[in-house]
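Some notes on the structure that comes next.
The values are calculated or read from the model by the stated rules, or taken from the named source; none is laboratory data. Source: prediction; values computed, not measured. No Cβ is skipped: glycine too gets one built from the backbone with ideal geometry, and neighbour counts run over all protein chains shown. The accessibility values were calculated without ligands, DNA or RNA, using every heavy atom of the protein model including side chains. Shrake-Rupley method; radii C 1.70, N 1.55, O 1.52, S 1.80 Å.
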Amino acid sequence: MMKTLNPMLEKLLPILPLIAANAAEAEKERKVPDENIRLLKGIGMHRAFQPKKYGGLEISLPEFTDCVAALAGACGGTAWAFSLLCTHSHQLAMFSAKLQQEVWGDNPDATASSSIAPFGRIEEAEGGVYLSGEMGWSSGCDHAEWAIVGFRRKNTAGEPIYSFGVIPRSDYEIRDDWYAVGMRGSGSKTLVINQAFIPNHRIEAAQDMMQGRSSGYDLYPDSNIFYTPYRPYFACGFAAISLGVAERMLVAFKEKTQNRVRAYTGASVGTATPALMRLAESTHQVAAARAFLEKTWEEHAEHGRHHQYPTHNTLTYWRTNQAYAVKMCIAAVDRLFSAAGATSWMESNEIQRLFRDSHMTGAHAYTDYDVCAQILGRELMGLEPDPTMV
């Protein structure tokens with residue numbers, strides 16, 4: 001039975017050719033083109049995980065990831081940055097009601113980028129902290145009105161607690177330093193922060209947001225998406241992008257290879273057995289990755305619908321399932337790229353961009369399968385989690 005399109009995907013599909021046409025511009029500018037942001041906000045995709053109270057849609061995770069995968073096939077950099085702008089709204093909904101009113105009260109279209117590795121330096125102050133630091137990898141920051149930043153704050157026992165703070169665009173400068181091989185269009189630049197004051201109502205401990213103790217946890221009791229840890233929603237886009245890039249690679253390889261002939265012999269490549277076998281195996285591998293991811297994402301949604309908080313074991317599988325699917329997608333892309341011919345290395349050729357972007361999807365801390373395999377292995381053997389593994 002053919003899968004029914006979800007409403008957001010139906011709105012997205014018509015604008016994908018326009019976004020794909022801007023892919024070269026995204027790479028040249030090293031950020032998401034303004035037109036792409038305008039198109040995506042025009043269909044309301046930025047409201048996917050925003051609370052309905054502020055005009056948000058609160059769509060399910062499977063619906064959202066379908067959209068992200070489709071978007072990644074058009075432009076990986078745009079999908080990377082924009083999906084994070086969307087998922088950060090889910091994270092913001094776990095902060096205090098006061099913070100949410102500050103973000104969306106006067107501007108319901110507002111979004112946030114992030115730099116959540118705890119590199120920020122803080123000084124305690126009455127009612128909050130002062131934060132300074134150079135916070136890198138803030139994808140989509142050029143298009144965000146706020147930023148979620150990471151730091152460690154000591155609790156009453158003097159223990160450092162990994163925490164997040166939310167700061168407005170006026171509290172930081174953007175350093176234009178995003179010169180990368182992959183995801184060039186994501187604009188993942190550095191936020192330069194100097195003594196920005198963050199009041200307590202804009203701060204949450206990461207563990208509280210993973211264990212249902214954050215300030216905003218019970219603000220939306222009728223919601224199907226907020227009764228959950230923040231991280232699975234925050235990270236869902238990485239695997240969806242890897243899947244979308246791999247699915248596009250199948251099409252791009254087929255289109256290039258169908259009429260390709262060998263330069264010195266004139267032999268047809270598209271009908272040669274090696275090309276057929278590579279395309280077949282990668283097709284199976286990508287299909288398997290999609291099926292595995294869809295099952296995992298549906299489990300996320302099912303837990304949300306039933307207000308069932310996931311166990312540590314479940315969270316471990318959700319995390320590592322996605323990383324393994326990314327590994328599968330990269331392998332499928334590599335198999336095709338290695339047989340796509342020398343012209344595929346030209347910067348004007350889409351295939352080399354897909355190859356580069358595919359590998360970037362496996363470079364994030366959340367999708368590093370060497371880390372994830374250790375995490376799952378410890379869980380399977382009944383060992384305590386290794387605190388050095390994020």
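Using the crude model of +1 on Lys and Arg Cβ and -1 on Asp and Glu Cβ, and no other charge, please compute the dipole size for region 1-145 relative to its Cα centre, in debye to 20.
I would put it at about 440 debye.
What accessible area per residue, rounded to a whole number of Å², is obtained for region 165-240 using a probe radius of 1.4 Å?
Numbers: 2910 Å² over 76 residues.
Ligands and nucleic acids excluded, the figure is 38 Å² per residue.
Write down, largest first, the equivalent ellipsoid semi-axes of the chain in whole Å, where each equals the square root of 5 times an eigenvalue of the alpha-carbon gyration tensor.
Working from the Cα gyration tensor, I get semi-axes of 36, 23, 20 Å.
Once you list every other residue whose beta carbon is under 15 Å from the beta carbon of G270, what net charge do they have if Lys and Arg are +1 and Asp and Glu are -1?
+4
Please sort 369-376, 107-114, 69-76 by packing, taking for each peptide the average over its residues of neighbouring beta carbons within 10 angstrom, highest first.
Numbers: 369-376: 16.8, 107-114: 20.5, 69-76: 26.4.
Top of the packing list down: 69-76, 107-114, 369-376.
In µm²/s, what is D for region 143-223 at 10 °C and 1.306 mPa s, where D = kT/(6 pi eta Rh) by Stokes-Einstein and Rh is the Kirkwood radius from Cα pairs?
D, rounded to a whole number, is 106 µm²/s.
Residues with beta-carbon under 15 Å from that of M45, excluding M45: net charge, scoring Lys, Arg +1 and Asp, Glu -1?
Here the count lands on -2.
Taking the Cα centre of the chain as the origin, how large is its charge dipole in debye, to the nearest 20, when only Lys and Arg (+1) and Asp and Glu (-1) carry charge on their Cβ atoms?
Numbers: 37 positive and 43 negative charges, 190 e Å.
Value, rounded to 20: 920 debye.
For every other residue with a beta carbon closer than 14 angstrom to the beta carbon of P33, add +1 if it is Lys or Arg and -1 if Asp or Glu, then tell me the sum.
Cβ neighbours under 14 Å give a net charge of 0.
Which of the aspartates and glutamates could a cross-linker bridge to K41, judged by Cα under 13 Å and excluding same-chain residues fewer than eight apart?
Once the sequence-local aspartates and glutamates are set aside, what remains near K41 is D109.
Is it possible to state the helix-based mean residue ellipticity at 222 nm for the chain, with each DSSP H run of 4+ residues giving -39500 (n - 2.57), the sum divided by total residues, to the nearest 500 deg cm²/dmol? What is it?
That comes out to -15500 deg cm²/dmol.
Return an integer: the convex hull volume of the alpha-carbon atoms of region 284-390, in Å³ per residue.
119 Å³
Which residue, T296, T156, T283, has the most motion in a Gaussian network model of the chain that connects Cα atoms within less than 10 Å?
Highest fluctuation of the listed residues: T156.
How big is the C-alpha Rg of region 193-280 next to the rule-of-thumb value 2.2 N^0.38 Å, as a ratio? Numbers along the way, then the final one.
Working: Rg = 25.0 Å, N = 88, 2.2 N^0.38 = 12.1 Å.
In units of the globular-protein estimate, region 193-280 measures up at 2.07.
Given a 1.4 Å probe and heavy atoms of the protein chains only, how would you sort F337, F119, largest accessible area at the top? It would help to have the intermediate numbers written out before the result.
Working: F337 15, F119 145 Å².
The residues order as F119, F337, largest area first.
Heavy-atom accessible area of Y309 with all protein chains present, probe 1.4 Å, nearest 10 Å²?
Accessible area, nearest 10 Å²: 60 Å².
Residue farthest toward the positive end of the dipole of the chain, with Cβ of Lys/Arg at +1 and Asp/Glu at -1: which of N224, L276, A287?
L276
Straight-line reach from K53: which aspartates and glutamates have Cα under 12 Å away, leaving out those fewer than 8 places along the same chain?
Cross-link targets: D222.
Give me the percent of accessible area attributable to carbon and sulfur for the chain, probe 1.4 angstrom.
Values: 9520 of 17280 Å².
C and S atoms contribute 55 percent here.
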